[in-house]
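K.L.:
Pasting a structure here, questions to come.
Nothing in this text is a laboratory measurement; each read-out follows from the coordinates by a stated rule. Given the structure is predicted, the values throughout are model-derived calculations rather than measurements. All Cβ positions, glycine included, derive from the backbone under ideal geometry; neighbour counts span all protein chains shown.
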Amino acid sequence: MNTTPVPDARALRSAAENFDALRGKLPIPGDPHRGPDSVTVAKQISELGKRITALGDEILFRTASPDLDAHTARVISDFAAAVEPVGEVASALGAVAHQLSFLERTEHLRDQPDAMDAREAATLVIGDALGLADAALRDASYSLYAAAAAASPPPRQLRAARSRSTTAAPLPAAAAFTVPPAAAAPSRTTRGR
């Protein structure tokens, strides 16, 4: 299977955009409108599972080909590289769900000194885990955006000019990676959501 750069770049960019969308939906500790709750986190885990499956499908689709070429192998590697940070997101969201469950089970003990300390620690774990999830989603989407830029063919005008040139120079290396405006937002702690 010889996949072509344009559909591959589209698939990489689409995966990056999906992880950006998940990042934008992460709960924010202390935010009265987007604070973490069990239902929201469970939905995030479910959605993340779908995105992990989609990554696996992209890898499988290309790996199952009997005639892998260098381009396809590079795209497989690009998709596979996103699996690690996405796995970190799954782990972090699992920790959030676990701590939220603890807080719900101990709600009736909230005024007892020992429970207060444990509940405060759970709240800190939730904040840290959501920060880790945010950073890992950002890492996954940035690497996929970079891979999409590298997989994109040169612009049509450049190819046309080269074909008309009597001294056709070699095509330049892939365009420098630029983060799309939606992905270029600073970390969650400085965005002030």
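K.L.:
When the chain is fully extended, how far beyond the present Cα-Cα distance does A42 get from L68, taking 0.36 nm per residue of separation?
P.N.:
Working it through step by step, the gained length comes to 5.6 nm.
K.L.:
In Å and on Cα atoms, what radius of gyration and Dmax does the range 1-122 show?
P.N.:
19.7, 65
K.L.:
Okay, moving on. Below 15 angstrom from the Cβ of A115, what's the summed charge of the other residues (Lys, Arg +1; Asp, Glu -1)?
P.N.:
Taking every other residue near A115 into account, the sum is -3.
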